[in-house]
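Colleague: Structure provided below as structure tokens; questions to follow.
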Amino acid sequence: MSLKKAGKVHYLEPELLTAAGITSHGFTTRHEGVSRPPYNSLNLGTSTLDAHQNVEGNRHILAHAFGCRPENFVAVSQVHGVDLLVIDSPNPDYLHYQRLECDGIVTNQPGVMIAVSVADCVPVLLLDPGRKVAAALHAGWKGTAGNISGKGVEAMVSLFGSDPARILAVVGPAIGPCCYEVDTPVVESLRNQEGGYERFAATAGEGKWRLDMPAAISAQLRQAGLPENNIEISGQCVSCTPELFFSYRRDNGDTGRQMGFIMLK
């Protein structure tokens, strides 16, 4: 995964999806937007206290950088659940989807940029190059416990005829186990994962754990049928990288949001 620039936007581009050659995609950094501190500067999250016009301006910057019409930029109201929005037909105006409460988007429509916002949670991008279907998923600990990544794969299979063995997945920058300390109820929510939560959590004192959400999500994707070689993991901790990323924990909640995005050409 390498740092690239498109228009004004600095972003991380995963090689796995780039090799497929049919999408624009990546994970934004915090730079080259219009928001002021503490949201400086490419804050893409509407759930912050940043001015609405700043966030909309930043989203227009992102869309424009990749040749997407602003009205074809699709984000939803994320609620740390596992519901998915499916877009399988053209729509004259996608902006009304911002009010829908769900945590993932699946589409086969070209020219539609789908995106999820994060500031510690894990952005996951899926692509079936053969069926030309893409997904963007938001996975916090609740979404990980609910296996939203597996549900994204299931939607692609059941609705679009995808073969899990051909789906590509990228697990983007998120808070890492180095900085993500959680309590016992959180790790207990992962008890039903294959092999138990101990595979993804290390003890950090009485009733405290260091949770590796990207590792748990990668395991869920493999369990859903994706070959290991079809999964790329960023491995970057957003909390440890203030020069590139926002982090809700590091910044005590007063911070912006970056995005994972993908658009079929």
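Colleague: Considering (1) out of contact with any Lys or Arg (no Cβ under 6 Å at 6 or more places or on another chain); (2) within 24 Å of residue 227 (Cα to Cα); (3) modelled with pLDDT of 95 or more, say which one residue 145 fails and leave the rest.
Modeller: Going through (1) out of contact with any Lys or Arg (no Cβ under 6 Å at 6 or more places or on another chain); (2) within 24 Å of residue 227 (Cα to Cα); (3) modelled with pLDDT of 95 or more one by one, residue 145 breaks only (3).
Colleague: When you scan the stretch 113-142, how many residues do you find that are within 16 Å of residue 14 (Cα to Cα) and acidic (Asp, Glu)?
Modeller: 1
Colleague: Testing residue 51 on (1) modelled with pLDDT of 95 or more; (2) more than 20 Å from residue 243 (Cα to Cα); (3) within 19 Å of the chain's Cα centre (by Cα), one condition comes back false. Which one is that?
Modeller: Of everything listed in (1) modelled with pLDDT of 95 or more; (2) more than 20 Å from residue 243 (Cα to Cα); (3) within 19 Å of the chain's Cα centre (by Cα), residue 51 misses just condition (3).
Colleague: Having 1 or more residues that are out of contact with any Lys or Arg (no Cβ under 7 Å at 6 or more places or on another chain), touching a residue at least 40 places away in the same chain (Cβ under 8 Å) and among the β-branched types (Val, Ile, Thr) is the bar; report the strands (runs of 3 or more DSSP E) wholly within the stretch 1-117 that clear it.
Modeller: Hits in the stretch 1-117: 9-13, 23-28, 84-87, 104-107.
Colleague: Confirm whether residue 178 is surrounded by fewer than 20 Cβ atoms within 10 Å (Cβ to Cβ), under 26 Å from residue 29 (Cα atoms) and either among the small types (Gly, Ala, Ser) or touching a strand residue (DSSP E or B) at 6+ places or on another chain (Cβ under 8 Å) (or both).
Modeller: Details: surrounded by fewer than 20 Cβ atoms within 10 Å (Cβ to Cβ): yes; under 26 Å from residue 29 (Cα atoms): yes; either among the small types (Gly, Ala, Ser) or touching a strand residue (DSSP E or B) at 6+ places or on another chain (Cβ under 8 Å) (or both): yes.
In short, yes.
Colleague: State yes or no: is residue 36 at pLDDT 95 or above, over 19 Å from residue 170 (Cβ atoms), among the basic types (Lys, Arg) and touching a helix residue (DSSP H, G or I) at 6+ places or on another chain (Cβ under 9 Å)?
Modeller: Numbers: at pLDDT 95 or above: yes; over 19 Å from residue 170 (Cβ atoms): yes; among the basic types (Lys, Arg): yes; touching a helix residue (DSSP H, G or I) at 6+ places or on another chain (Cβ under 9 Å): yes.
Spelling it out, residue 36 is indeed at pLDDT 95 or above, over 19 Å from residue 170 (Cβ atoms), among the basic types (Lys, Arg) and touching a helix residue (DSSP H, G or I) at 6+ places or on another chain (Cβ under 9 Å).
Colleague: Please determine whether any residue of the stretch 145-165 is over 22 Å from residue 192 (Cβ atoms) and of a type in the set (Ser, Thr, Tyr).
Modeller: Within the stretch 145-165, one or more residues are over 22 Å from residue 192 (Cβ atoms) and of a type in the set (Ser, Thr, Tyr).
Colleague: Further question: Among the strands (runs of 3 or more DSSP E) lying completely within the stretch 174-265, list those that include at least 1 residues that are within 25 Å of residue 163 (Cα to Cα) and small (Gly, Ala, Ser). First the steps, then the outcome.
Modeller: Numbers: elements: 181-183, 201-203, 208-211, 231-233, 258-264.
Qualifying strands (runs of 3 or more DSSP E): 258-264.
Colleague: Right, here's the next one. Please determine whether any residue of the stretch 35-48 is hydrophobic (A, V, I, L, M, F, W, C) and more than 17 Å from the chain's Cα centre (by Cα).
Modeller: no
The values are calculated or read from the model by the stated rules, or taken from the named source; none is laboratory data. Small disclaimer: the values here were computed from a predicted structure and weren't measured. Every residue, glycine among them, receives a Cβ derived from its backbone with ideal geometry; neighbour counts consider all protein chains shown.
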